[in-house]
Amino acid sequence: MLGIIMMTDIQDSDFYNTFVSIFGDNPSGLSNAPGRVNLIGEFTDYNNGFVLPCALQYSTRILFNKRTDNIISVHSMQYLGEKDIFDVSAEILPGESQWGNYIRAVAFAFKREGYGLHGFDMLIDSDVPQGSGLSSSAALEVAVGGMLNHACELGLSNSQIAVLGQAAENDFIDCQCGVMDQMISACGLHGHAMLLDCESLHTTAVSIPDDLAIVIVNSNYPRKLVDSEYNQRRIDCEQAALKMQVSTLRRADMQKLDAVKKLMTANEYKRAHHVISENQRVLDAVEALRNNDMAVLRELMTASHQSLKHDFEVTVPATDGLVEICAGALQDRGAVRMTGGGFGGAIVCLCRKEDIESITQAVESEYEKRFKLRANIYVCSAGEGLRVTNIT
């Protein structure tokens, strides 16, 4: 979405004034991309399946100004003592700044595709909670991509920007994520979830009922190094597809899976069972949301969590416990499951707005007592996708 805003419309004057104090000039544009939560459809994206995320009101913002050279100079409101500087006309390599490498990654992906880039002064600000599984990295990638597309007049669609953001993370950051996080950040619609077909990249907006609240509870469980665990699960999925003689698990069904069960390892079978059943749960959840049918949503999200626990084996006692606590508080009035990559992270609850207090009280009274951890609770609404605006 492209528009024009006045300088006085930027909500945070400190953000604007910091840009001026660092760079000695006014910014000419603002790029804004949101974080996301996945309502259902976990580990289906890299198997070309279906997912149902929604964008959130939390976002990453970039104030920017075009330079007369090829230097990108980046500062962050969250890391005011750091900066990153690199030349887009030279080979783009990783730098010392962890967050700065995401800007380098996006520039790398755009440049590799032959898009002409030039220099920018950039200041980043974000209220996407880091480490909560709300995809702060994708929000940053999409915000940078939106800025490059707008200021360099590249004419890309938001979905093309999302795909380039995924390529940046896959090939520069070396995180083999699917396209879901970038796609919802780029293409989300206010008040809607998004059914994404990860094979065709076709999207369908799914309205979230007005009386439905999205509550995210971050376990704050200390996540260990789990890259090898993720990679092994991806290999298991690929091997299961190979043994079923299909290109990806998107092309599989339970009949095909059971027909070759004897050829599979136990883990290959379980991982494939999760993905195939989860794809169907996503499609069923779309209809349940359209019908505002909490009973069906609860059944689907409960089944999703159990599948993630037993078939994909990515939950931990802390997130299982949070699901138990919130489900117990809500009873038949809400739906709860783990969300995100697992091994810690967050759970997501769908409930009526009048039941938010029940979740909050239950988590505050039971979670720390059981797990010696304090949870963060975020009451969310479905936000807008990528927006790039001129400042006059």
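Below are the figures for this structure:
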{"quantity": "Flag for ASN48 being on the phi > 0 side of the Ramachandran plot and either in contact (Cβ under 8 Å) with a residue 60 or more places away in the chain or not polar (S, T, N, Q) (or both)", "calculated": "yes"}
{"quantity": "Filter result (within 12 Å of the chain's Cα centre (by Cα) and either under 16 Å from LEU39 (Cβ atoms) or free of Cβ contacts under 8 Å to residues at least 12 places away in the same chain (or both)) within region 169-180", "calculated": "GLY178, MET180"}
{"quantity": "Residue list for region 193-234, filter: among the basic types (Lys, Arg) and out of contact with any helix residue (DSSP H, G or I) (no Cβ under 7 Å at 6 or more places or on another chain)", "calculated": "ARG223, LYS224"}
{"quantity": "Any hit, region 65-88, residues being among the β-branched types (Val, Ile, Thr), touching a residue at least 24 places away in the same chain (Cβ under 8 Å) and within 20 Å of CYS187 (Cα to Cα)", "calculated": "no"}
{"quantity": "Residue list for region 309-358, restricted to those being modelled with pLDDT of 95 or more, out of contact with any Phe, Trp or Tyr (no Cβ under 7 Å at 6 or more places or on another chain), assigned to a loop (DSSP other than H, G, I, E, B) and within 17 Å of ASN220 (Cβ to Cβ)", "calculated": "THR315"}
{"quantity": "Residue list for region 359-392, filter: aromatic (Phe, Trp, Tyr) and assigned to a helix (DSSP H, G or I)", "calculated": "TYR367, PHE371"}
{"quantity": "Residue match in region 181-199 (condition: β-branched (Val, Ile, Thr), over 14 Å from the mean Cα position of the chain (by Cα) and within 29 Å of ASN376 (Cα to Cα))", "calculated": "no"}
{"quantity": "Matching residues in region 20-50 - criterion: being more than 20 Å from TYR378 (Cβ to Cβ) and among the aliphatic types (A, V, I, L, M)", "calculated": "VAL20, ILE22, LEU30"}
{"quantity": "Some residue of region 175-192 being in a loop (DSSP other than H, G, I, E, B), at pLDDT 95 or above and touching a helix residue (DSSP H, G or I) at 6+ places or on another chain (Cβ under 6 Å)", "calculated": "no"}
{"quantity": "Wholly within region 39-92, strands (runs of 3 or more DSSP E) carrying at least 1 residues that are surrounded by fewer than 21 Cβ atoms within 10 Å (Cβ to Cβ) and in contact with a Gly (Cβ under 6 Å, 6 or more places away or on another chain)", "calculated": "50-66, 71-76"}
{"quantity": "Residue that is nearest to LYS243 (Cα to Cα), among those in region 263-297 that are acidic (Asp, Glu) and without any contact (Cβ under 8 Å) to a residue 12 or more places away in the chain", "calculated": "GLU287"}
{"quantity": "Counted residues, region 193-208 - those being in contact (Cβ under 8 Å) with a residue 12 or more places away in the chain and outside any strand (DSSP E or B)", "calculated": "4"}
{"quantity": "Tally, over region 119-166, of residues that are surrounded by fewer than 21 Cβ atoms within 10 Å (Cβ to Cβ), of a type in the set (Gly, Ala, Ser) and in a helix (DSSP H, G or I)", "calculated": "2"}
{"quantity": "Of all residues in region 178-202 being more than 18 Å from ALA285 (Cα to Cα) and acidic (Asp, Glu), the one that is surrounded by the most Cβ atoms within 10 Å (Cβ to Cβ)", "calculated": "ASP181"}
{"quantity": "Failed item in (1) surrounded by fewer than 21 Cβ atoms within 10 Å (Cβ to Cβ); (2) not in a loop (DSSP other than H, G, I, E, B), with TYR115 passing the rest", "calculated": "(2)"}
{"quantity": "Residue match in region 1-21 (condition: part of a loop (DSSP other than H, G, I, E, B), in contact with a strand residue (DSSP E or B) (Cβ under 9 Å, 6 or more places away or on another chain), crowded, with 22+ Cβ neighbours inside 10 Å and in contact (Cβ under 8 Å) with a residue 12 or more places away in the chain)", "calculated": "no"}
{"quantity": "Region 260-280: number of residues that are in contact with a strand residue (DSSP E or B) (Cβ under 9 Å, 6 or more places away or on another chain) and surrounded by fewer than 16 Cβ atoms within 10 Å (Cβ to Cβ)", "calculated": "1"}
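The rows are residues; the columns are (1) over 24 Å from the mean Cα position of the chain (by Cα); (2) of a type in the set (S, T, N, Q); (3) not in a loop (DSSP other than H, G, I, E, B).
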position: LYS224; (1), (2), (3): no, no, no
position: ASN231; (1), (2), (3): no, yes, yes
position: GLN239; (1), (2), (3): yes, yes, yes
position: GLN255; (1), (2), (3): yes, yes, yes
position: LYS262; (1), (2), (3): yes, no, yes
position: HIS273; (1), (2), (3): no, no, yes
position: ASP284; (1), (2), (3): no, no, yes
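Yes/no per residue for (1) surrounded by 15 or more Cβ atoms within 10 Å (Cβ to Cβ); (2) among the basic types (Lys, Arg); (3) touching a helix residue (DSSP H, G or I) at 6+ places or on another chain (Cβ under 6 Å); (4) farther than 20 Å from ASN292 by Cα:
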| site | (1), (2), (3), (4) |
| --- | --- |
| PHE312 | yes, no, yes, yes |
| THR315 | yes, no, yes, yes |
| ALA335 | yes, no, yes, no |
| PHE343 | yes, no, no, yes |
| LEU386 | yes, no, yes, yes |
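The values are calculated or read from the model by the stated rules, or taken from the named source; none is laboratory data. All of these numbers come straight from a predicted model, not from anything done at the bench. Cβ atoms come from the backbone with ideal geometry, glycine included; neighbour counts cover every protein chain shown.
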